[in-house]
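The values are calculated or read from the model by the stated rules, or taken from the named source; none is laboratory data. Remember, it's a predicted structure, so these values are computed and weren't measured experimentally. Quick reminder, even Gly has a Cβ in these numbers, built from the backbone with ideal geometry, and neighbours come from all protein chains shown. Quick note on the areas: whole protein, heavy atoms, side chains included, nothing else; ligands and nucleic acids left out. Shrake-Rupley method; radii C 1.70, N 1.55, O 1.52, S 1.80 Å.
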Amino acid sequence: MEIPLVDIKAQYELIKSEIDSVVAQVISEGAFIGGEYVKKFEEEFGSFCGARNCVGVGNGTDALFIALKCLGIGQGDEVIVPANTFIATAEAVTLCGAKVVFVDCDSESYTINIESLNESLTAKTQAIIPVHLYGHPADMSAIREIANRFQIKIIQDCAQAHGAEINGNKLIEYGDILCFSFYPGKNLGAYGDAGAIVTNDEDLSIKIRKFANHGRISKYDHEIEGVNSRMDAIQGAILSVKLKYLSDWTEKRIEIAKKYSAYLGSIENTSTPLCCSRFKHVYHLYVIRSKKRDALKDHLYKKGVLTGIHYPVSLPNLEAYKYLQHSPEDFPVSNQLQNEILSLPLYPELDDEKVEYVTRVIIDFLS
Ligand SMILES: *Cc1c(COP(=O)(O)O)cnc(C)c1O
């Protein structure tokens, strides 16, 4: 049996007629950047997030960068970022001129560790970027409390967490700004690059929209210099079609994750993702931990099961951040995780037979 890590084509087959028709419509209308389709998606996605404003941008990395920039973060400021995330979270900080401050993660939720976060605050800390890694929300009550106490901005990296909740509340309840990626493999994926910034702050959203469109509101009235980071109409139209299915797809992800955990939960020396009723985990990725990770990955590959490692090198250990002169001991949890984590195939169309096959291969190998 051949099982991919994600299967974007399987999903397309299910919605092909709707997708093909909107794409043809956008092309026949010839309005490719912004416009009605993007506006419609922005309204729908803003309301999906429970927020008043949504601005479509070019991709998730730009969403983070533009959010930081429009909050006035720059030279001389420090921004706290978890050590185990995709590099984009940290890149956005450097790009706006501020300094990246890495913080270790929690050994169970894999999201930012609150104690280490507290220890990393300085007078220069201007923002925190919690990442809802793999779809599991960070401990936002604790982060919000810290942010309020020290007047620090929160930019939530929601690239892996479309629809995640805490205590039944949407993520916007816990912070100023949500940044999303619609990279094709994300829980809500475009057919190309796209991203969005969601906020309840009307003035901020106007500023963001202006900055993302060359610093202008209308054609040539550039009030400031900005960047070119706009959502294109084909992506907006595709995302509107897919958004209708997102809640169903998320429920399917959760069901599959529950099945995996039921099968794999009792294997010795292997841990399954933290599942706690307070957090709605949307399982962008289903990540297990094993001391025999590399051998297990090879074995699964030989049996036709493709897996991933998110991420194989924790950010402070990358060549790109050598200048920060960290040693692995500075981030013990992230450092251990990078050698033990393994992402199993997970997409809404993954059927029971495949889930059982994957778990059987794992159980056979580990026992
Ligand atoms: C995918 C991702 C991003 C970046 O999104 P792009 O749309 O690829 O630029 C940022 N942060 C995290 C955690 C991601 O997974």
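For this structure, a couple of remarks:
- Boolean, A31 is modelled with pLDDT under 95 and of a type in the set (A, V, I, L, M): yes
- Residues satisfying the stated conditions in region 296-331, i.e. free of Cβ contacts under 8 Å to residues at least 40 places away in the same chain and touching a helix residue (DSSP H, G or I) at 6+ places or on another chain (Cβ under 8 Å): I309, P312, V313, N317, P328, E329
- Selection over region 64-92 of residues that are away from the ligand (no atom under 12 Å from the Cβ) and within 18 Å of L121 (Cα to Cα) gives a count of 10.
- Check on R216, closer than 23 Å to D62 by Cα, within 22 Å of the chain's Cα centre (by Cα) and either among the small types (G, A, S) or not in a strand (DSSP E or B) (or both): no
- Scanning region 222-242 for residues that are open to solvent by less than 20 Å² (accessible area, probe 1.4 Å) and in a helix (DSSP H, G or I) gives A233, Q235, G236, A237, I238, L239, S240, V241, K242.
- Considering region 83-112, and only residues there that are among the hydrophobic types (A, V, I, L, M, F, W, C) and in a loop (DSSP other than H, G, I, E, B), the residue that is farthest from S181 (Cα to Cα) turns out to be A98.
- Scanning region 208-221 for residues that are touching a residue at least 24 places away in the same chain (Cβ under 8 Å) and either open to solvent by less than 80 Å² (accessible area, probe 1.4 Å) or within 16 Å of the ligand (Cβ to nearest atom) (or both) yields I208, F211, A212, N213.
- Filtered residues of region 137-149 (kept if open to solvent by 100 Å² or more (accessible area, probe 1.4 Å) and under 18 Å from P82 (Cβ atoms)): none
- All positions within region 163-207 that are open to solvent by less than 20 Å² (accessible area, probe 1.4 Å), assigned to a strand (DSSP E or B) and either of a type in the set (D, E) or within 16 Å of the ligand (Cβ to nearest atom) (or both): I177, L178, C179, F180, S181, G195, A196, I197, V198
- In region 20-51, the residues that are more than 27 Å from L171 (Cβ to Cβ), assigned to a helix (DSSP H, G or I) and open to solvent by less than 50 Å² (accessible area, probe 1.4 Å): V22, V23, V26
- Of residues in region 309-326 being assigned to a helix (DSSP H, G or I) and under 19 Å from E78 (Cα atoms), the one nearest to the chain's Cα centre (by Cα): L315
- Selection status of Q126, at negative phi, open to solvent by less than 10 Å² (accessible area, probe 1.4 Å) and either touching a strand residue (DSSP E or B) at 6+ places or on another chain (Cβ under 7 Å) or not acidic (D, E) (or both): no
Yes/no per residue for (1) modelled with pLDDT of 95 or more; (2) farther than 20 Å from G135 by Cβ; (3) open to solvent by 50 Å² or more (accessible area, probe 1.4 Å):
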residue	(1), (2), (3)
S277	no, no, yes
I288	yes, no, no
D298	yes, yes, yes
V305	yes, yes, no
N317	yes, yes, yes
P332	yes, yes, yes
L344	yes, no, no
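- Qualifying residue in region 101-123 (condition: among the acidic types (D, E), in contact (Cβ under 8 Å) with a residue 24 or more places away in the chain, surrounded by 24 or more Cβ atoms within 10 Å (Cβ to Cβ) and touching a Phe, Trp or Tyr at 6+ places or on another chain (Cβ under 8 Å)): yes
- Condition check for E329: assigned to a helix (DSSP H, G or I) and closer than 25 Å to V93 by Cβ: yes
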